[in-house]
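Below is a structure I'd like to ask you about.
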Amino acid sequence: MNRQSNDREELRTQMPLSGTRPRKRLTREESRAQTRATLIAVGRRHFLRYGLGGAVAEKIAEDAGYSRGALYSNFDGKEELFVAVIQEEQARHLNVFRSLLKEEPSGKKRLKKMRDTIADLMTDHDWIVLRAEFEVGALRSESIRQSFVEVHRQQLRDGSELVRDLLRSPEVTSKLKPDDFITVITNLAHGLAVTQRILGAELSQKSTRNLVQSLFDHLISSA
């Protein structure tokens, strides 16, 4: 093979394969968002395993593949990262509820879906641990307490909106105002779930889920 043929072959091997495109270069904002998302995901695992008190910011950054500076350029520290984890969980829960209710036109079926989903989420192991850590942190740290208040208020706004949407159906009636309903169902359900995780077989997860559903049915029902 002559030199010209070699040059053509080298050029061919360097060209991208048909149908592929060079990877898009991330903008600064996209790169920052990607970094934050990775830190939140890795932070979530650390908080679940070690708790808020036992988790180490530097170790989270290392396991995420970033420097200590990268974490502190996105968050003030592990407390702010922990709150970001909680906020992401809350946003995910809200999206689940909105999707479920949007897909179902029947008021009665929408109510049942909301009831079952609340029971599922409130008895989810990861959420039980994260919420409990949030509560303990709020009792010990003023900054976390303030974040807890903000998250609680947002939860009330979002949850009340969902309940008001349910109550637009003539089939659905509630014994409580939307804000009060959300306050009661989320806090009592979480308390039951925490107790179940501590007691283990003495109070099964299935029994806890049934209790949450019964509480829901007592507070809001369909004709």
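Just to confirm the number: angle between the C-alpha axis of helix 142-167 and the first principal axis of the chain, 0 to 90 degrees, nearest 10?
With both axes taken from Cα atoms, the answer is about 70 degrees.
Identify all lysines with a Cα-Cα distance to Lys112 below 30 Å; exclude those on the same chain that are fewer than 8 residues away in sequence.
Cα-Cα hits under 30 Å: Lys102, Lys175, Lys177, Lys206.
What's the whole-number percent of alpha carbon pairs in the chain lying beyond 26 angstrom?
Numbers: 12719 of 24753 pairs.
Every Cα pair in the chain considered, those over 26 Å come to 51 percent.
How high is the FRET efficiency between Asp180 and Ala33 when r is their beta carbon distance and R₀ equals 45 Å, given to the nearest 0.05?
Values: r = 37 Å, r/R0 = 0.82.
Computed FRET efficiency for Asp180 and Ala33 comes out at 0.75.
Ordered by residue, what ³J(HN,Hα) values in Hz, to whole numbers, does the stretch 61-66 give under the Karplus form 6.51 cos²θ - 1.76 cosθ + 1.60, where θ = phi - 60° and Gly and Pro are x?
4, 4, 5, 7, x, 10
Taking 7 Å along the Cα-to-C-beta vector as the label spot, tell me the Asp217-Ile198 distance in nanometres, rounded to one decimal.
If labels sit at Asp217 and Ile198, their model points lie 2.8 nm apart.
Karplus couplings for the stretch 34-51 from phi (6.51 cos²θ - 1.76 cosθ + 1.60, θ = phi - 60°), rounded to Hz, Gly and Pro as x?
After applying 6.51 cos²θ - 1.76 cosθ + 1.60, I find 5, 4, 4, 4, 5, 4, 5, 5, 5, x, 4, 5, 5, 5, 5, 7, 10, x Hz.
What's the magnitude of the charge dipole for the stretch 170-219 around its Cα centre, counting Lys and Arg as +1 and Asp and Glu as -1 at the beta-carbon? Answer in Debye, nearest 20.
On the way: 5 positive and 5 negative charges, 32 e Å.
Dipole of the stretch 170-219, to the nearest 20 debye: 160 debye.
A further question follows. Keeping all protein chains in place, calculate the accessible area per residue for the stretch 61-136 (probe 1.4 angstrom), answer in Å². Don't skip to the end; give the middle numbers.
Working: 3640 Å² over 76 residues.
On a per-residue basis, 48 Å².
Sequence neighbours fewer than 8 away in the same chain don't count; with that in mind, list the aspartates and glutamates whose C-alpha is under 20 Å from Lys78.
Leaving aside aspartates and glutamates fewer than 8 places away in the same chain, those within reach of Lys78 are Glu58, Glu62, Asp63, Glu88, Glu89, Asp126, Glu133, Glu135, Glu142, Glu150.
The values are calculated or read from the model by the stated rules, or taken from the named source; none is laboratory data. The structure presented is a predicted model; accordingly, all values stated were derived computationally and were not measured. Methodologically, a virtual Cβ is constructed for each residue, glycine included, from the backbone with ideal geometry; neighbour enumeration extends over all protein chains shown. These accessible areas exclude ligands, DNA and RNA; they are computed on the full protein's heavy atoms, side chains included. Shrake-Rupley method; radii C 1.70, N 1.55, O 1.52, S 1.80 Å.
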